[in-house]
Amino acid sequence: MHKLAVDDVTLQYTNGKHTFTAVEHVTFQAVASDRYVILGPSGCGKSTLLRAIGGYIQPSKGAIRLDEKPVRAPGPDRVFVFQELDQLLPWKTVRENIVFALTASGRFPRPEALARADKFIEKVNLAKFSANYPHTLSGGMKQRVAIARAMAMEPEILLMDEPFAALDALTRSKMQEELLQLCSESKFTVVFVTHSIPEALRIGTRILLLSAQPGRVKAELENSGLDAARVHEILFDGNMQEGAAHV
Amino acid sequence: MFRKVILLIVLAVIWEGYARWLANPLLLPTFSETLRALASSIASGQLPRAVTFTLGLLLKGYVAGLVLAGILTAFASSTRTGADLLEILTSMFNPLPSIALLPIALIWFGLGDNSIIFVLIHAVLWSAALNTYAGFRGVSPTLKMVGQNYGLSTPSYITRILVPAAFPSILTGMKVGWAFAWRTLIAAELVFGVSSGSGGLGWYIFENKNQLLIANVFGGLLTVIVLGLIVENLIFKTIENATVRRWGMQN
C-alpha cells in the first residue's frame with residue numbers, strides 16, 4: 001500500500017492579477033520507509049509541492065493522500081524540517097523545543113515526552129547542549145535539533161525541505177551520513193527536497209526529477225547504480241519522456 | 001559602574017558648592033539641604049503617600065492602556081480594516097502629546113482620577129499597539145509554519161507561538177509606553193493633582209513651590225528621577241535579561 005499518494009497535482013498561486021503555476025500534473029507514490037527525493041533546479045516548485053504535502057497549500061487540481069486520507073491542513077502526522085536556521089523556538093531550550101513539540105501536538109504526555117526528548121537528543125549527539133538556547137548553537141547543531149524534534153514526534157512521514165542547504169560543505173556531508181544512520185535505525189518514511197544531484201543520490205531510495213517553470217515530472221528513478229552524469233543528462237536534456245526513464 | 005558613581009559624587013559636590021556660593025535657598029537650595037528635606041518628608045509620611053498615590057494611578061492607566069493596545073492589535077492582526085484603522089489612529093495620535101488632551105479630559109471626566117487615567121491611556125496605547133502589531137507582523141514565516149505543524153488550536157497558537165515570537169517588540173512597546181506615561185503623569189499632576197484629599201508626586205512639587213519650600217521641591221524632583229531610574233533600569237532590565245537577552249532575541 002502506498003504511504004503517500006500524490007495524484008495529478010497542480011499547484012498555483014496568485015500574485016495580484018497574475019496566476020503562477022508552480023507545479024503541473026505531478027503524480028507519484030511513496031511507500032513506507034522510502035526515502036523519496038524530489039530533485040529539480042531552483043524554481044521548479046519542489047518546495048511548493050512539499051508544502052502542499054504538508055497541508056500548507058491546497059492543490060488547485062488533483063489530490064494528495066496520506067494513508068488513503070486526503071491532506072487538508074498542516075498536522076503533526078506530517079512533520080516538516082525546514083531549510084531555515086530559525087525553525088527552533090528561540091525562547092525554549094533544545095530539550096524544551098522537543099518536549100513542546102511532542103506535548104503541544106498531543107503526540108505524547110509530558111513524562112514520556114521528556115524521556116523521548118532525551119533519547120533523540122542523545123541520538124543526534126547533542127546531550128551536552130540539552131539545556132542550551134538555540135542562539136548558542138551552530139547552524140549544523142540547530143538542524144540536528146530540528147531533525148531530532150521531527151523524528152521524536154514519530155510522524156507518519158517526514159518532510160525535509162533542503163534541510164542541509166544552509167550549512168557548509170563539510171557539515172552538510174556529515175549530516176547526510178547522520179540522517180542515513182537515523183533512518184536505518186528506525187524505518188522512517190521521508191520525502192526530501194533538494195536541488196543537489198549528489199545529495200539526491202546519497203539520500204534517496206527513489207528520485208523524482210522535476211523540470212522548471214512550471215514543475216513537471218521528467219522522470220522517476222530507482223536509485224540503484226545511478227550516477228550523477230546520467231541524472232544530470234535526464235534533468236537537463238528534454239528528450240526523455242515522462243515515465244520512460246525507469247532505470 | 002564605579003566611574004559613574006564617582007561622576008555622580010562630583011556632580012553633587014558641584015551642586016553643593018555652587019548653592020553655597022549663591023547662598024539663595026529660594027533659588028537653589030544646597031544638596032545637603034535637599035537631602036534633609038527629603039528625609040523629613042519621608043519620615044512625616046507626606047512623600048511616601050504622594051508616591052503611593054502616583055504609582056497607583058500610573059498602574060491603573062498603564063494596565064488599561066496595555067489591555068486596549070492588546071485589543072486593538074488583535075483587531076488589526078485579524079482584519080484589513082483593523083490594520084488600516086490602527087495605522088490611521090497611531091499616525092494621528094502618536095505625535096499628539098498626551099498632556100494636550102488634559103483640558104478636554106477635564107471637561108469630559110471632571111476633576112479627579114478618571115481624567116488622568118484617560119490621559120495616561122493615551123500615552124501608553126499608541127506606542128504599545130504599534131510595537132505589538134509590528135512584532136506580530138515580523139514573526140518569521142518559518143516559525144509560523146512550525147507552529148501550525150503541531151496542530152495547535154488558534155488561542156494556543158497565539159499565546160504559545162506568536163506572543164513569545166513577538167515578545168521583543170512587545171517589550172519595546174511596554175518600555176516606550178511606560179516612558180511616555182511617567183512623564184505625562186507628573187506633568188498632569190503638576191497642573192492639577194489633588195483629588196479627594198490626596199495628591200500625587202506632581203502635586204507635592206507644586207504645593208511645596210507655592211509654600212516656597214524649595215528644598216522640598218528639589219526633593220520631589222529627585223524622587224521622580226529615582227523612581228524613573230528604578231523602573232527603567234531595574235524592572236525592565238530584569239525582564240529583558242530573563243527573556244529576550246537570554247533567548248538571543250534582542251534586535
Next on the checklist: Taking the condition of being surrounded by 16 or more Cβ atoms within 10 Å (Cβ to Cβ) and either more than 20 Å from the chain's Cα centre (by Cα) or in contact (Cβ under 8 Å) with a residue 24 or more places away in the chain (or both), how many residues in the stretch B:94-112 meet it?
Outcome noted: 4
Checklist entry - Taking the condition within 30 Å of B:Trp247 (Cβ to Cβ), away from chain B (no Cβ under 12 Å), touching a Ser or Thr at 6+ places or on another chain (Cβ under 7 Å) and surrounded by 17 or more Cβ atoms within 10 Å (Cβ to Cβ), does A:Val23 pass? => result no
Checklist entry - Looking at this structure, is A:Phe28 surrounded by fewer than 21 Cβ atoms within 10 Å (Cβ to Cβ), aromatic (Phe, Trp, Tyr) and not assigned by TED's automatic domain parsing to the domain that holds A:Ile207? => result no
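Just name the residue that is surrounded by the fewest Cβ atoms within 10 Å (Cβ to Cβ) out of those in the stretch B:27-55 that are polar (S, T, N, Q) and closer than 26 Å to B:Trp178 by Cα.
Restricting to residues being polar (S, T, N, Q) and closer than 26 Å to B:Trp178 by Cα, the top hit is B:Thr52.
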Checklist entry - Restricting the search to the stretch A:66-100, which residues are out of contact with any Gly (no Cβ under 8 Å at 6 or more places or on another chain) and either modelled with pLDDT under 90 or of a type in the set (D, E, K, R) (or both)? => result A:Leu66, A:Asp67, A:Glu68, A:Lys69, A:Pro70, A:Asp77, A:Gln83, A:Glu84, A:Asp86, A:Lys92, A:Arg95, A:Glu96
Next on the checklist: Tell me the residue from B:Leu66, B:Leu59, B:Leu47, B:Leu28 that is part of a helix (DSSP H, G or I) and either within 16 Å of B:Ile205 (Cβ to Cβ) or more than 25 Å from the chain's Cα centre (by Cα) (or both), please.
Outcome noted: B:Leu47
Checklist entry - Among the numbered criteria (1) closer than 24 Å to A:Thr194 by Cα; (2) more than 11 Å from chain B (Cβ to nearest Cβ), which single criterion is violated by A:Gln87? => result (2)
Checklist entry - Taking B:Ala76, is it touching a Phe, Trp or Tyr at 6+ places or on another chain (Cβ under 8 Å), in a helix (DSSP H, G or I), at negative phi and among the small types (Gly, Ala, Ser)? => result yes
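Does at least one position in the stretch B:72-90 carry a residue that is closer than 18 Å to B:Val176 by Cβ and small (Gly, Ala, Ser)?
Yes.
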Item to check | Members of the stretch A:105-132 found to be crowded, with 19+ Cβ neighbours inside 10 Å and in a helix (DSSP H, G or I), listed by number | outcome: A:Ala113, A:Arg116, A:Ala117, A:Phe120, A:Ile121, A:Lys123, A:Phe129
Checklist entry - Counting only residues that are at pLDDT 75 or above and in contact with an Asp or Glu (Cβ under 6 Å, 6 or more places away or on another chain), which one in the stretch A:207-237 is farthest from A:Val191 (Cα to Cα)? => result A:Pro214
Checklist entry - Can you tell me which residues in the stretch A:97-111 are more than 11 Å from chain B (Cβ to nearest Cβ) and under 11 Å from A:Val145 (Cα atoms)? => result A:Ile98
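Please state which one of A:Tyr36, A:Tyr56 is touching a helix residue (DSSP H, G or I) at 6+ places or on another chain (Cβ under 7 Å) and under 15 Å from A:Leu159 (Cα atoms).
Result: A:Tyr56 is the single residue among A:Tyr36, A:Tyr56 that is touching a helix residue (DSSP H, G or I) at 6+ places or on another chain (Cβ under 7 Å) and under 15 Å from A:Leu159 (Cα atoms).
A quick yes/no check of all residues on (1) surrounded by fewer than 18 Cβ atoms within 10 Å (Cβ to Cβ); (2) closer than 30 Å to A:Gln83 by Cα:
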position	(1), (2)
B:His122	no, no
B:Val139	yes, yes
B:Leu152	no, yes
B:Thr184	no, no
Checklist entry - Considering only the stretch B:199-230, how many residues are more than 17 Å from B:Thr52 (Cα to Cα), crowded, with 20+ Cβ neighbours inside 10 Å and of a type in the set (Val, Ile, Thr)? => result 1
Next on the checklist: If a residue must be outside any loop (DSSP other than H, G, I, E, B) and either under 15 Å from the mean Cα position of the chain (by Cα) or free of Cβ contacts under 8 Å to residues at least 12 places away in the same chain (or both), how many such residues does the stretch A:153-171 contain?
Outcome noted: 7
Checklist entry - So is A:Ala63 in a strand (DSSP E or B), away from chain B (no Cβ under 14 Å), touching a residue at least 24 places away in the same chain (Cβ under 8 Å) and over 28 Å from A:His232 (Cα atoms) or not? => result yes
Checklist entry - Do you know which residues across the stretch B:113-169 are in contact (Cβ under 8 Å) with a residue 40 or more places away in the chain and either within 13 Å of chain A (Cβ to nearest Cβ) or not in a helix (DSSP H, G or I) (or both)? => result B:Phe167, B:Pro168
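The values are calculated or read from the model by the stated rules, or taken from the named source; none is laboratory data. What you see is a predicted model; the values in this text were computed from it and never measured. A quick note on method: Cβ atoms are made from the backbone with ideal geometry, for glycine too, and the neighbour counts reach across all protein chains shown.
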